Amino acid sequence: MNTLAHHPDSFQRFILFSIVAHIGLVIFLKLPTLIFTPGEDIIIKKAIRVDIVALPEKEVAPPPKVTTSSPPPKVNVRPKTQKRPKPNVKKAQQEALKKLQMMSAVDKIKQQLEQEEANKRAQEYEKKIQQEKKYAGNVITKGTHLDGLDQLSMNEYYAQLEEHIHNYWFLPQWLDELNLRAQALVQIESDGHVVAKQLYLSSGNSVFDETVLKTIEKASPFPPPPDRLKSVLKNNGFVLNFPN
Amino acid sequence: MKKQLILNMSLYLFTLLMTPMAFSQGKIYIDVGQAKIKKSLLALPPLQAYTSGTESLKLGQTLFSTLNNDMVVSNFFTLIKPDAFLEDTRKVGLRPAPGTPGGFNFSNWSSIGTEFLIRAGYRIINNNIELETYLYYVPQSKLVFGKSYKADKASVRKLAHKFADDVLEALTGKKGMFTSKIVVAVKKPGSKIKEIYIMDWDGENSNQVTNFKGITITPSWNNDGTKVAFTNFAYHKKTKKRNADLFLYELKTAKTWLLSHRQGVNSGASFHPKLNQMLFTVSNSHSSDIFRMDLKTERAKALIRGRRNTINVEPAYSPDGSKIAFSSTRSGQPMIYTANANGTNIKRVTFAGRYNSTPSWSPDGKKIAFAGHIKSHFDIYTIDIASNKITPLTAAYKKNGKRANNESPSYSPDGRFILFTSDRTGKTQLYIISPDGTNERQITNDNNHYSEARWSPFLD
């Protein structure tokens, strides 16, 4: 018995589904190569730079603005019972006016209370902000928005520094064979002169450590840093790895 | 509900991943890189003689000149000229003042820029020489080490070499090669005979080991330096023919063993650093294969074989015994290969040049020195196993303006030098060079023809 003959529709549906699935698979595999074309030029993307030396500051949202509310809309008060005005209309009007005045007064008081509450909240919020400002460090800096070219120039400066210091880095053969490592923390002025240097991580060998510090002394002044780095390199410094 | 749950989980995971990045802080780190090397200034005043006489003077001079040469060759030091000394060391003691009455003054040495100061004195007692030594680091007015040595008068050079080894060990943690030796095949001028000689690293104390009055070649050391193996074209009474047989010679007892007499050339022994086994080559008209021999049973079997007419020669165990380096023509031209010690995993190491041979491992197992044929001559190269980087070490000219042949490299046991032969003077002499291609020195300077030199392991 030919099952296909019995179910021609389902076979057709199956074929159709298979074709669609295959086309979908091809598109799925091909699409990335179409979008991410190899061999593109280097695209300098915008980079967000977070200040890595200064203590981070919490980015705080400004406190909510407390605005005075607009005057209440006019209220059309309709008496509950609609009675035909009696001949004493004036009295009724006066009563209605009185009611209006009372309601207005209530509204005013309400508004006043709300205002006071909002002010109180704002003050408390201000107080909280002031307190939190003392505890910088557990926050993220707002950072500086650098584009790729600035990032490249920063890297270029680091490479200059490395080359400059390397020219003064000499070791006697016997000390080199010991395969020692040390780190030194250095702070420099905007003109490149060393203002402070200290061992950040000792090698364990006093002669090696002394050689490291003497190298930094001899290498001063360093190449002047770019404007963006002047403050950071003066106040927080940078760490030199001897040899790496 | 389900969708909300999935969304919440995704947000939670995202936050978890982002949090460390959000709160990470760090300093700017800059690598200064490898330092350039400079030499230290060493003051080596004349040795203090505590005994008088011609013999004492002569021994003192030998001690001093040997030590002086070792310190210069080490490449660690630049020796300060004696006329720059501010102190007459004959008038002061070996120890510093004020701790020692009449001692020397550190300031007299620091003011001339001295970094290291050696003070030593010797005396002859009966048939022995006693040497008292001190090494000081002058910038810190510190004693690095002080030691006394004693040996018979005939070993006066060895005494100086021992102190030189100790100086390097005190400074670097790794001792020097100054007490090591060289084994080499030597052909005297006008002779066709080649015999095996052993000498100090500096070419002194040369002693003939074999006396076959024939051709003796491819010497090598066993793993502890107590024996040497070599090949001699020995005459077989039974077959009435000569065959290149492999022998083992014990230095202390002068006892000789026949290790292998397979038909063909049995040569190029390489001893396992730890196990009692050895590699060697058997070459005949068909091919050359590498064999491994159990030295206890003296049974050997082929380890590395090639197709017919393929050459597999010059095996060398790596310092840890896990690998073998050898030269092979399996890809057409002789190239350097490595394999596991059991002969598996054969890998080609050199792809440059037309003829690469005589591999020698560095003691740390990271490099192989070899002789490479370039244009019309051989030069010495090293190849880094990890990076495959090849570094040329030698380049020299003969008197006729043609390029010299530099061959048969062999690393010193401390890895600081490579020994090789060179025909640049017209006679093949021995030279040493630092692994970076600097500090090249001629060791022998005579009319002998030296070939296939091998540096010993540490002998102490």
So how many residues does region B:390-429 have that are within 13 Å of residue B:444 (Cβ to Cβ) and not in a loop (DSSP other than H, G, I, E, B)?
5
What are the pairs, 6+ residues apart or on separate chains, where a residue within region B:99-115 that is within 17 Å of residue B:135 (Cβ to Cβ) has its Cβ under 6 Å from a residue that is hydroxyl-bearing (Ser, Thr, Tyr)?
B:106/B:141; B:115/B:40
Subset of region B:304-361 (residues that are assigned to a loop (DSSP other than H, G, I, E, B) and touching a Lys or Arg at 6+ places or on another chain (Cβ under 7 Å))
B:306, B:310, B:321, B:331, B:333, B:341
Can you tell me how many residues in region B:71-112 are in a loop (DSSP other than H, G, I, E, B), within 14 Å of chain A (Cβ to nearest Cβ) and at pLDDT 95 or above?
2
Do we find a residue being more than 13 Å from residue B:352 (Cβ to Cβ), part of a strand (DSSP E or B), among the aromatic types (Phe, Trp, Tyr) and in contact with a strand residue (DSSP E or B) (Cβ under 9 Å, 6 or more places away or on another chain) anywhere in region B:366-376?
no
Scanning region B:42-63 for residues that are in contact (Cβ under 8 Å) with a residue 24 or more places away in the chain and in a helix (DSSP H, G or I), which turns out surrounded by the most Cβ atoms within 10 Å (Cβ to Cβ)?
B:60
Considering only region B:226-238, I want to know if a residue exists there that is of a type in the set (Lys, Arg), surrounded by fewer than 17 Cβ atoms within 10 Å (Cβ to Cβ) and either farther than 30 Å from residue B:432 by Cβ or in contact with a helix residue (DSSP H, G or I) (Cβ under 6 Å, 6 or more places away or on another chain) (or both).
yes
Boolean, residue B:315 is of a type outside the set (Ser, Thr, Tyr) and under 22 Å from residue B:272 (Cα atoms):
yes
Of B:11, B:44, B:57, B:63, the only residue that is at pLDDT below 80 and out of contact with any Ser or Thr (no Cβ under 9 Å at 6 or more places or on another chain) is B:11
Number of the condition not met by residue B:161 [criteria: (1) over 18 Å from residue B:94 (Cα atoms); (2) within 14 Å of chain A (Cβ to nearest Cβ); (3) touching an Asp or Glu at 6+ places or on another chain (Cβ under 9 Å)]:
(2)
Quick one: which of B:302, B:352, B:339 is modelled with pLDDT under 95, hydrophobic (A, V, I, L, M, F, W, C) and over 24 Å from residue B:231 (Cα atoms)?
B:352
Among strands (runs of 3 or more DSSP E) lying entirely in region B:139-255, which contain 1 or more residues that are basic (Lys, Arg) and in contact (Cβ under 8 Å) with a residue 60 or more places away in the chain?
B:181-187, B:194-200
Options B:135, B:143: the member that is farther than 28 Å from residue B:445 by Cα, surrounded by fewer than 17 Cβ atoms within 10 Å (Cβ to Cβ) and at pLDDT 95 or above
B:143
What residue, among those in region B:291-322 that are touching a residue at least 40 places away in the same chain (Cβ under 8 Å) and closer than 18 Å to residue B:357 by Cα, is surrounded by the fewest Cβ atoms within 10 Å (Cβ to Cβ)?
B:318
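The values are calculated or read from the model by the stated rules, or taken from the named source; none is laboratory data. Remember, it's a predicted structure, so these values are computed and weren't measured experimentally. Backbone-built Cβ (ideal geometry, glycine too); neighbour counts: all protein chains shown.
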